[in-house]
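Structure record follows, encoded as structure tokens.
Quick note: the coordinates plus some simple rules give every number you see, no bench work behind them. As the structure is a prediction and not an experimental result, all values here were calculated from the model. So basically every Cβ, Gly included, is an ideal-geometry build from the backbone, and we count neighbours across all protein chains shown.
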Amino acid sequence: MAIMPNHALNRMREGGLALGFGVGHLRTVATPMLVQAADFDFLFIDTEHGALSISEATQLCLAALCTRVTPIVRICKDALDEGTRALDNGAQGIVVPHVNTAEQARRVADAFRYPPMGHRSWGGPPALYGYLPPSMSEAQSEINREILVVAMIETPEAVENADAIAAVEGIDVLLFGTSDLTTEMGIPGQIGHERVREAYAKVGEACRRRRKFMGMGGVYDQEHASRYIRMGARFALAAGDHSLLLAAATARAAFLRGLE
């Protein structure tokens, strides 16, 4: 069976913008179908901050494989074992937070790439082939090409080391955790601050030089999102279940109560 396509990765390879929908609370298999209906490209399944177990995350991954929505799981910084389990059970990408150095990036890439790029263990027939893969060597080579490995840039140290991180083979995306970055800079919440703009410019240049993708997270207003996408962000966490539900429900309740 052919490998299931990574729609988000293909969109970026074609020069497009991949839009992600964050999931921290939704759990049912309808979730990726709803996300597809809303025209997002990937499901950002958050086991770092969300209320999801790795078992629940992989059920969402398996459901997403039946759609054109790419399932991507964010793990906790040192939970690389959960990342490999997610990849064995349907994830098409892994996000690792707080990657500050090239050494940390190499450890991440090593965990999630098969030899010769890394040392990921073969766990049997993978879900990405509907459990009917070709030979082990062919499958491992193809999976190495078709999964996304994402390193989060969330500190001034990571920004300073952006070129070295982007140079690591096996890292595809440098994703800004803009909220945490502003906190680490001592300017919490000021996502449009000059220092943040400078950070996006520096990381964007590193990504262009190393032929990697820059990602944007924590930016949800039109003004700043437009700026950072113009600066080269191509992997964008665009919305989340918690915030969208609150925004829509609050607006609806306010409208109806206004009719009293």
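How many nm is it between the label spots at L244 and I187, if each spot is 7 Å from the Cα in line with the beta carbon?
It works out to 3.0 nm between the two label points.
Would you give the gap between the C-alpha center of segment 82-109 and the C-alpha center of segment 186-226, rounded to a whole Å?
21 Å
Starting with the highest mean, order 254-260, 137-143, 185-191 by the number of other Cβ atoms within 10 Å, averaged over the residues of each peptide.
Per-residue Cβ counts within 10 Å, averaged per peptide and sorted highest first, yield 137-143, 185-191, 254-260.
Starting from the Cα gyration tensor of segment 90-184, take the square roots of the eigenvalues, sort them a ≥ b ≥ c, and report rounded, prolate or oblate (rounded when a/c is under 1.5, otherwise prolate if a/b is larger than b/c, else oblate).
Prolate, since a/c reaches 1.5 and a/b exceeds b/c.
Please report, largest first and rounded to whole Å, the three semi-axes of the ellipsoid equivalent to the chain, where each semi-axis is the square root of five times an eigenvalue of the C-alpha gyration tensor.
28, 25, 15
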